[in-house]
Structures are given as C-alpha cells and as structure tokens.
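To start, the structure itself, in structure tokens.
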Amino acid sequence: MYLSTARAADAAAGVRKGSGRGSVPATVIALGSVSLLTDVSAEMVTAVLPIYVVVQLGLSPLAFGLLDGLYGGVTVLVRLAGGHLADRRGRHKLVAGLGYGLSAACKPALLPAATVPGLAAVLAADRIGKGLRTAPRDALISLSSGPDEQGRAFGVHRAMDTVGALLGPLVAFGLLWTAADAYDAVFVVSGCVAAAGVLVLVLFVRRPAPAGETGAPPPSLRRALGLLRMRAMRRICGCAALLGAVTIGDAFVFLLVQDRFGVTPQWFPLLPLGTAAGFLVLAMPLGLLADRVGRWPVFVAGHGALLAAYPALLLWDGGGPAAICGVLVLHGAFYAATDGVLMAAAGPLLPAELRAGGLALVQTAQAAARLVSSVLFGAAWTVWGAGPAVWAATIALVVSVAVALVLHPVTEEAPE
C-alpha cells in the first residue's frame, strides 16, 4: 500500500534507513537553515508588533485580537491550495519558495502601513505566504525521512527554526536599544534577512523524487479531502482544531506577561526568547521521545505545559524574573511537544503523493481554530478583564485535553 510506495520514493531520493539512523537528510538541514533565517525575520516583527500596535497605535485588546487572529488564521484560506499545488508534479520546492518570497516582501511593506486597514492587508499577505509554504515544506521533511524517524527529522528542523526565533528578538531589541521607536529599522532588516532565506532555499534545497504508484490517479484536491474518510485523520484534525481553539495566542501570552509582571516596553521584545529557549532545548529530545513512545501521547502531554503556564500568569501576579522565565519556558515546552510532533504523527498516515495536501488538512484545522481563539480571547479580555479570560481558557483546555486523550488516533492505511 502507500507505505511501501513512500519507502520506495524515499530510497530513490537517497533517504537513509536502518544503519543511517545517525544521519539527518541534507534536505532537512537545508530547510532548517531556510527556516532559521526566516524565523529571525519573522520573530523580529513578532517581538515588536504587539507593543507597536497596542502602545504605539493605541489599539484595544479586542482590536489587536482581530489583527492577531488575522495574522494567524488567514492561512486557512491558502493552506489547502498550497498543499494541493505542491503535490501536483512534485512542486514542493516551487510552492514553498513562492510562499517564502511573498512573506519576505511583506516585511518592509509594514513601514507605510501605519493604519489598522494597512496593517491588516500586509499581515494578511504575509500569512498567505506562510500558508503557501508550510505544507510543502513539511512534506519535503516528511518525504526525506523514514517512517520511524519522522519525530527526529521534525525535531531537528524545529530546533534550527527556533535558533532563528531566539536571534530575531535579540536583533529587534538591539535595534530598539540603539534608537528608541526604531520600528522602521526593524522592518527593513527583517525583510533583508527573509530574502537571504529565500536564496538558501533556491540554492540548497533539492526536489524530492516523484512519488506515487504507477497508474494511480493524479493528486487532486478531491483526493486530499478524501483522506478525511480515514478515522485517524478525522480524529487528528478534530483534536488539533479543538486544542487550537482553547490555546491563547503567543502575542497575548507576551502581553499578559507584560501586564501581570510589569515588564517595560523597552524589554518587551525579549519575552519571546524565553519561549524560544524552551523550544530549542526540548525540540530534539521530545521528537526522539515521540518516535519511541508514540507521537500522539507526547502531543497531548505538551498541552499540560500550558495547564501549568496559564494559572501561573495569575498566581504569580507581580512576580520577578524567575516567574517570567518559568511561564515562558513552559510556553516553549508546549511548542516543543506539539509543533513538529503533530506533523510527525500525521505524515506516516498519508500516501507520499498526497503528503503536502494531507498535512495541509491538519494545519488548516489548527489555523482556523486559532483564528477563533484569538478573537474570542481578545473579546473576553476586553469585556471581563485578563484574569477571568485566562481562567476561562484554562478550564476549556482541561476539557479539551481530556477529549483528545479519549480520541486517540489509530494507525490505518489511506483509502485507495
């Protein structure tokens, strides 16, 4: 069936199995380098955007929630299209490159976008680029790695990606430290770094060998959607959406840390470093653990870190640096146990010729849910205040984790 086809395609692409367990495919390393540079660029903007929008432009938490939901959720519109286009004739590299290029062009475009409509338009275009590239990139990683090594491959990639997440806020902080309110410099430098990532993709990422059984129907959006006939895929998509809907967005977490612990705006760009540090240290160990004990248990357990971090935002009100670091490291542990692990759980269930489209289904479900989450949490914070909003999210997360544990996806073959 499809697993034998995927193994044959992986062997044709030069993927090592068995004795090659100690090596990481060159494609994974190259994509990790691309993501490292892209994340430096993206996190420079992410680090300053909340404070820029709420303090500099004076938006309310509800208005920022709408922008943040747009920033994270507009990818819903293009993830499936990106996955489908990538699967057709093996265009993973081309579609990923288009997505990276569009996002790179959007960074300097934030300069003239000083109004809410202008910011919304640029952020939407940036997220369209992310939506186009994410499924093809993850499909390249999955297709370049053996079925038993998915967690390790995604762990390596996410660790390299997180190095960029560590460097991005530092660069933004350095620019703002040199010149107060130097948001224009942040946006311009961010665009240059993103362009370098596109160049690395073009020069060093190799296209995978064509995959798929001889005589099989060509990849199509209909066939990709048909993967939802698999019970395991339905459960993975459903649980990813359920848990995404009760996850507080990153920007809100950082704003809550600033609000609860009295962080000054000058130090705000450094808050993502705590999350990135936890992610970086734990991404590889948890990826390897997921390969050994099961990817779904590790994915669900990762949400336990949030169940510790959310109450800490309230119970440690006014706490010092130790409290701030504790919350942010827990936030990073959540991502280390969930981000790449979810893709590693879904990848082996999918036929090689529909890998990008199938991963896009899971990513779309999660992105749509996080769009709803950002809007709802922003509204709850505006109406009820920060404390009740966080407690509501915590209670909802407890219920959702219990449901995800019951609906443990089972391994099964893809439909013909």
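So the values come out like this:
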{"read-out": "Unit charges at the beta carbon, dipole of segment 26-406: most positive-side option, Ala30, Ala367, Gly238", "value": "Gly238"}
{"read-out": "Assigned charges on the beta-carbon of Lys, Arg, Asp, Glu; segment 26-406 dipole about Cα centre (debye)", "value": "1340"}
{"read-out": "Length gained when the stretch Leu307-Val403 is fully extended (0.36 nm per residue, less Cα-Cα span)", "value": "33.1 nm"}
{"read-out": "Segment 26-406: relative contact order as a whole-number percent, Cα under 8 Å and 6+ apart", "value": "30"}
{"read-out": "Highest average packing first - 193-203, 221-231, 364-374, Cβ atoms within 10 Å", "value": "364-374, 193-203, 221-231"}
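Rule-based calculations on the coordinates, nothing more; no lab input. Note that the structure is predicted; figures quoted are calculated from it, not measured. As a convention, Cβ positions derive from the backbone with ideal geometry for all residues, glycine included, and neighbour counts pool all protein chains shown.
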